[in-house]
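Everything below concerns the one structure shown next.
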Amino acid sequence: MVAVVLPISNTPGYYCFSCPGCNESHRINTNPANPGACWTMTGPPDKPTIRASVLVRSGHYVPGGTAKDGRCWCDYHRENPGSNAPTCYVCHSFVTDGQIQFLSDCTHHLAGQTVPLPAL
C-alpha cells in the first residue's frame, strides 16, 4: 500500500496530497475544531475519498488577489519569462477512491480529466 495522502506533522487533522494538475501540494483540514474549512476523508491512505471538493485559487483568481495597480502574476511572467514566481491559476477537484477528478473550471492541462493521485 503506497499512501497518496499523508498527515502533516505537528498539525493534527491536516493532510496533504500532491496534485498532478497544478504541481502543488494541496492541504485539507479534517478536524472541525481547527479554524477554516473542514473536509471529510474516508478510505485507506492509498485510496482516499475527500469531500467536499478541493478548490485552490491563486493570483487574479482570488478576490482581491491583484496589486493596487491591478497587476498580477500573469503580468510578472509576461515581463520575466522563465521566472519561478507563483502563477495565477484555479485547481478544483474531487478525490474519490484515490482518483482525482479535475473539474472544468481548472485552468491547467488536466481540466475535465480523472487521473490517479501520485504516491507521496
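For the chain, the Cys residues with no second cysteine's beta carbon closer than 4.7 Å are Cys16, Cys19, Cys38, Cys72, Cys74, Cys88, Cys106.
Panel note: the C-alpha atoms of the chain, placed on their principal axes, show extents of 45, 32, 24 Å (largest first). Specify the residue with the greatest mean-square fluctuation among Gly36, Gly65, Gly13, computed from a Gaussian network of the chain linking alpha-carbon atoms under 10 Å apart. Result: Gly36 has the largest fluctuation of those listed.
For the chain, relative contact order (Cα pairs under 8 Å, six or more residues apart, normalised by length) works out to 26 percent.
In the range 6-116, taking the dipole from charged Cβ atoms about the Cα centre, the farthest positive-side position among Val90, Cys106, Ala67 is held by Ala67. Between Met1 and Ser53, the C-beta separation translates, for a Förster distance of 25 Å, into a calculated FRET efficiency of about 0.50. Counting every other Cβ atom within 10 Å of each residue's Cβ, Ile100, Ile8 order from fewest to most as Ile8, Ile100.
Summing Cβ point charges (Lys, Arg +1; Asp, Glu -1) relative to the Cα centre of the chain gives a dipole of roughly 160 debye. Would you kindly state how much longer the chain becomes between Ala111 and Thr30 on full extension, computed as 0.36 nm times their sequence separation minus their alpha carbon distance, in nm to one decimal? Roughly 26.6 nm would be gained on extension. Of all the options Pro48, Pro81, Pro63, the one that moves most in a Gaussian network model of the chain with Cα springs shorter than 10 angstrom is Pro81. Here the gap between Cys16 and Thr42, fully extended at 0.36 nm per residue and compared with their Cα-Cα distance, gives a gain of 8.0 nm.
Bear in mind that the values in this text are calculations on the coordinates, not laboratory data. Since this is a predicted model, take the numbers as computed values, not measurements. Glycine also receives a Cβ, built like all others from the backbone with ideal geometry; neighbour counts cover every protein chain displayed.
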